[in-house]
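Working notes for the structure below.
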């Protein structure tokens, strides 16, 4: 930290500042500041222009120029799960505080300091940030790994923006009361606030000059990392190669970028890199890291009411009363209306799911714990909520579903009771799965009917068309496998199998064991009239069962050993189900939601169980 430059900056920004004011602004003693002022005057960086008043000389301006801030990177890629349901619709950084969006407040404060070269790293709901390009002239940088990796990966993707430049590194969801940005920054720093008592924040140890000497995760009565960061280009020149090396190491996917700095300052980075066989990084030797002065980072202590990092919706509600009862969020307004309570009584909100099909959150209100499901964008193309509503009405007399408090068949919003202490079925527990099969059979034998079918041929064609419209189907042997699936569907139709109300999505996670021993089957959105054996088959492939496990499940459902034809039917639905869900996953991947090996596993079921059907019951595969 160049203290002479810091004196010049404060005099430039506040021409009437006194030495006592300088001491306060620089967080130094009056005696130290008096000495620094004399040194600056002696070096002709400042000159006296009146009683206790100074101005910066051309030589001082020349010194400051090397400390000019070149720009800012704002991290805005994450989901913000602790702010659901608000962040289902709006990225956290775009939430308003006192009528102003948090990211816009920071951009405005940066502009006031003359910092206009701003890059926002986006990911979740990236399109929501596009308007900022036109409004403020910012640039957007997309982090494709935002959903699977932490901020270490975010900074890795932004490294070219940071290289060779003096840059602020900011979070879109921070709120600063006063503008703490400057045209010139005289050293690398991390903002800090004081936390009394026990804290899980990252605690700082530093020397008398404010240089950080150690970082500990958790502590007591400590100054903690909190808010904006400024990085000199010399600091980034040493830090970014280390961060890039960490990015490539296995096991660092969920690291914050600060974890790399923690290990550097605590002296453990050198060992981690050495164990990975890394000795050089972009001309920087690992052995030099422990003593590199270029990596000095200083604490920038802030008042307790200056920097805010809202940890959850409850904290935001306490800060801005608007969020007590007028969040302008459709889900919050719906819950309040259905339960006839003010929004302020909706508490203990937790994100349960944030996928492409459905989003849901858990909450407490009116003496209940409930789940609110919000259909994802485009869901109306995939699922008929009118049909889902008809299913819930049809199965209601059986008392086997979750307790639905509200269902909107127009948009699919659903509020249901949450069962405290309930657990999902364990697909590896034969006792659990035996009870699940008994419940499925009860549903199948209840002679319930609805007006719609689950037609697997139609669904396969539907997802095939969706995939073709989104870039095609990547499997090399798809035409051959499609022909095999058609053979199975033709064979099934010739058998004239029974048709009952079937769940279709009979994954173990949809079976809930309640604390009192009761069993529930939830999430009926794919259900319809179909061959009941499809539920046995779907349960097998969702559980990743092999042939022995699948045969056991079929026997458990039937209560006896299956006949060859029955087993062939179940195997056929396993093949067709695998084929269908492989197409579903290909389509979802085209929309940006990746399912890893799931796609391959489902496609293998299609291939493998076609061959098993052909072996035990050749009729199905006869052209």
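Where a number appears in this text, it was derived from the coordinates with a stated rule and is not lab data. Not measured: the values here are computed from a predicted model. Ideal geometry is used to build each Cβ from the backbone, glycine not excepted, and the neighbour counts take in all protein chains shown.
Before moving on, here are some points about what is shown:
- Relative contact order for the stretch 494-607: 22 percent, from Cα pairs under 8 Å spaced at least 6 residues apart, divided by residue count.
- Estimated from helices alone, the mean residue ellipticity of the chain at 222 nm is -12500 deg cm²/dmol (sum of -39500 (n - 2.57) over DSSP H runs with n ≥ 4, per residue).
- Size estimate for the chain follows the Kirkwood approach: the inverse of mean 1/r over distinct Cα pairs works out to 28.6 Å.
- Across the stretch 536-579, the mean sequence separation of Cα contacts (distance under 8 Å, 6 or more residues apart), normalised by length, yields a relative contact order of 54 percent.
- Length gained on full extension, residue 546 to residue 48, computed as 0.36 nm times the residue gap minus the Cα-Cα distance: 170.7 nm.
- Here residue 285 and residue 318 are evaluated by their C-beta separation; at R0 = 45 Å the FRET efficiency comes out at 0.35.
- Efficiency of FRET between residue 117 and residue 615 - r from beta-carbon atoms, R0 56 angstrom, step 0.05: 0.25
- With N counted as the residues of the stretch 422-621, its alpha-carbon radius of gyration over 2.2 N^0.38 Å works out to 1.00.
- Mean-position separation - Cα centroids, the stretch 102-143 and the stretch 550-604, in angstrom: 45 Å
- With the biggest extent put first, the Cα atoms of the stretch 79-234 measure 45, 36, 32 Å across the principal axes.
- Projected label distance in nm at residue 418 and residue 446, using a 7 Å step from Cα toward the beta-carbon: 2.6 nm
- The relative contact order of the chain, computed from alpha carbon pairs under 8 Å that lie at least 6 residues apart in sequence, is 9 percent.
- With semi-axes defined as the square roots of five times the eigenvalues of the C-alpha gyration tensor, the equivalent ellipsoid of the stretch 3-65 measures 16, 12, 11 Å, largest first.
- In units of the rule-of-thumb radius 2.2 N^0.38 Å, the stretch 347-459 shows an alpha carbon radius of gyration of 1.20.
- Each of residue 89 and residue 311 was given a label point 7 Å from its Cα along the Cα-to-Cβ line. The distance between the two points is 2.7 nm.
- Rounded Å value of the spacing that divides the Cα centres of the stretch 1-29 and the stretch 263-320: 27 Å
- Label zone at residue 495, where the point sits 7 Å out along the Cα-to-Cβ direction: the stretch 596-620 residues whose backbone N lies under 15 Å: 609-620
- Acute angle (nearest 10 degrees) that the helix 233-248 long axis makes with the longest principal axis of the chain, alpha-carbon atoms: 20 degrees
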